[in-house]
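The values are calculated or read from the model by the stated rules, or taken from the named source; none is laboratory data. The structure presented is a predicted model; accordingly, all values stated were derived computationally and were not measured. Neighbour counts run over all protein chains shown; Cβ positions are idealised from the backbone, glycine included. All accessible areas refer to the heavy atoms of the entire protein, side chains included, with ligands and DNA or RNA removed. Shrake-Rupley method; radii C 1.70, N 1.55, O 1.52, S 1.80 Å.
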Amino acid sequence: MLTNLQSLIPHLRPLISNPSSRVVILTGAGVSEESGIPTFRDAQTGLWAKYDPLELATPDAFARNPKLVWEWYEWRRALCRDAKPNPGHDALAAMEKFFARLVIVTQNIDGLHRVAGSRDVIELHGNLQRDKCSRENVMVERANACTTNDGLLVCPQCGAYLRPDVVWFGETLPRDALERAFREAMLCDALFSIGTSGLVEPAASLPRLAKQAGAFIVEINPAPTPISEIADAIVRGKAGQVLSELVRAMERLGS
Ligand code: OAD
């Protein structure tokens, strides 16, 4: 197993020169951490310190206390709205030019990969900037929503509360996104797992699936994860710095 960026580069050379190379990039909250968005398992900050995210991001929590869950997501939306792509996002967008096909499969709901210019992004857990009717599951623009006297937004069609278009614990992932992510993982030549703890299924299965199908597995994370066990190459570091160095090294390969 390779454990640093320099030893990884020779293994990427055949991929860069291969006109039909396919790469999957699985990302988690660690990629957005350098944009100021706390990772999921970091301690919650400020007002929300006393809440456990795993207790707020559930259908039951929303049914019990829609206002609390809605306000928590408004806090997270504000964090994401103020966040900008960091060098890690930018490097992943730049990496597209080295491969015939580069697909980003993200667990993040902040939308920053697309803002950075990545063109093929599968959002496994949804997107915080979209709202949907909690009963009909259809997207609703805020401008068209009605407001209740306790400040919550409701669907103009059926009157049910709006909720963020994100996957909650215990909910199924968007079928098309998941099917495509599994297909891309089975067909790729290399899969990079970046900034994810690899603890949440079904996303955590994608690296194993790719490995079984013969792909080269790279992990970029300051800390070990269950994915470390199957990685062919591990680079222990922050995504922003490692990916920026990786793109510079690949550009030297390509010149
Ligand atoms: P976690 O918070 O579980 O893990 C973040 C990972 O990023 C950890 O492995 C950190 O070591 C790593 N990390 C932190 N800073 C980093 C940096 N600057 N560069 C690279 N890596 C860094 O977040 P996720 O793995 O994304 O699901 O969590 C997966 C899912 O768990 C989330 O999408 C969410 C939660 O349940 C839903 O909301 C459905």
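Could I have the simple spin-label model distance between ARG64 and GLN212, label points 7 Å from Cα toward Cβ, reported in nm to one decimal?
3.6
So how strong a dipole does the chain carry about its Cα centre when Lys and Arg Cβ are +1 and Asp and Glu Cβ are -1, to the nearest 20 debye? Could you put the intermediate results ahead of the total?
Working: 28 positive and 30 negative charges, 80 e Å.
For the chain, the charge dipole is close to 380 debye.
Counting only heavy atoms of protein chains, what accessible area per residue, in Å², does the chain have with a probe of 1.4 Å?
Numbers: 11810 Å² over 255 residues.
Result: 46 Å² of accessible area for each residue.
Against the longest alpha carbon principal axis of the chain, how many degrees, from 0 to 90 and to the nearest 10, is the axis of helix 239-254 turned?
Relative to the chain, helix 239-254 is tipped by roughly 40 degrees.
Taking +1 at the Cβ of each Lys and Arg and -1 at the Cβ of each Asp and Glu, which of ILE194, PHE216, GLY170 sits farthest along the dipole of segment 140-223 towards its positive end, judged by Cα position relative to the Cα centre?
Checking the options against the dipole of segment 140-223, the answer is PHE216.
Taking all protein chains as present, what is the carbon and sulfur share of the accessible area of the chain, in % to the nearest whole number, probe 1.4 Å?
Values: 6170 of 11810 Å².
Its accessible area is 52 percent carbon and sulfur atoms.
In the chain, what percentage of the DSSP-assigned beta bridges are antiparallel, given to the nearest 5? Don't jump to the answer; show the numbers that get you there.
Details: 9 of 32 bridges.
DSSP beta bridges in the chain are roughly 30 percent antiparallel.
Which of the peptides 100-106, 206-212, 248-254 is most tightly packed, and how do the rest follow, judged by the mean count of other Cβ atoms within 10 Å per residue?
Working: 100-106: 22.7, 206-212: 20.4, 248-254: 13.4.
Order by mean packing, descending: 100-106, 206-212, 248-254.
Which pairs, out of LYS67/LYS238; LYS97/LYS211; LYS211/LYS238, put more than 31 Å between their alpha-carbon atoms?
Working: LYS67/LYS238 35 Å; LYS97/LYS211 24 Å; LYS211/LYS238 23 Å.
As for pairs spanning more than 31 Å Cα to Cα, those are LYS67/LYS238.
Just to verify a number: FRET efficiency for THR147 and THR172, C-beta to C-beta distance, R0 = 41 Å, to 0.05?
Computed FRET efficiency for THR147 and THR172: 0.85.
Exposed loop chymotrypsin sites (Phe, Trp or Tyr not before Pro) only (DSSP loop, at most 14 other Cβ atoms within 10 Å): please give the longest stretch of the chain free of them, not including the sites.
Here the longest segment lacking exposed loop sites spans 52-168.
Put +1 on the Cβ of each Lys and Arg and -1 on the Cβ of each Asp and Glu in segment 89-162; which of SER134, ALA145, GLY117 then has its Cα farthest toward the positive end of the dipole?
GLY117
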